[in-house]
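Just below is one structure, and these are the notes that go with it.
Read the figures in this text as sums done on the coordinates, not as results from a lab. From a predicted model like this one, the values you see are computed outputs, not experimental measurements. For neighbour counting, all protein chains shown are included, and Cβ atoms are generated from backbone atoms with ideal geometry for every residue, glycine included.
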């Protein structure tokens, strides 16, 4: 085998590993952003005039929307490709967090909570690894996401102590998702 072929074959596993690591970072940042807002949700929704019942329903929108959007976004990514759908979902997540920071109504607040990137991450990982590797890779992805979910409320709670904490958290999340798109562009 000539050196050019060896070089290409050696780059494939490195590139695949780099992509998998980028997906882990996206999973971490996604749940970091989601959970960073959690300590602030109830207070902000009530400040928008919601009753405690409506505040509870609004708090549940992430899970409800994730349940239904996963299938739709996963099917869409089968058609347009994982890279394009990942970029689109990261940009939409950034837009969502930006909208969350500017939300002045319950409707805009709910719209801003529509999640996208987690289902794409899992689909992309499934495409990149063999069936035998899948449990380990998905386990690492879930661990990275869980660490983000654990650390997010700590940062969100800290930011809450400062003036404009909700807005700072929302715009920080938007910036993080914009930075995440750099790895996919």
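For the pair residue 138 and residue 84 in one chain, pulling the backbone fully straight at 0.36 nm per residue adds 17.3 nm over the alpha carbon distance. With respect to the chain, whose longest principal axis is taken over its alpha-carbon atoms, helix 52-80 is tilted by about 20°.
What's log10 of I(q)/I(0) for segment 65-121 at q = 0.24, 0.28, 0.29, 0.31 Å⁻¹, Debye sum over Cα points only, no solvent? Debye output, listed in q order: -0.89, -1.05, -1.09, -1.16. Averaging the Cα positions of each part gives two centres, and for segment 41-98 and segment 122-164 these lie 16 Å apart. Subtracting the Cα-Cα distance of residue 95 and residue 15 from their residue separation scaled by 0.36 nm leaves 25.9 nm.
Expressed per residue, the C-alpha convex hull volume of segment 23-181 stands at 99 Å³. The angle separating the long axis of helix 134-160 from the principal Cα axis of greatest extent in the chain is about 30 degrees.
Take the Cα of residue 53, step 7 Å toward its Cβ, do the same at residue 130, and the gap between the two points is 5.6 nm.
Using the Cβ-Cβ distance between residue 71 and residue 158 with R0 = 30 Å, the FRET efficiency computed as 1/(1 + (r/R0)^6) comes to roughly 0.25. Rounded to the nearest 10 degrees, the angle from helix 117-128 to the longest Cα principal axis of the chain is 10 degrees.
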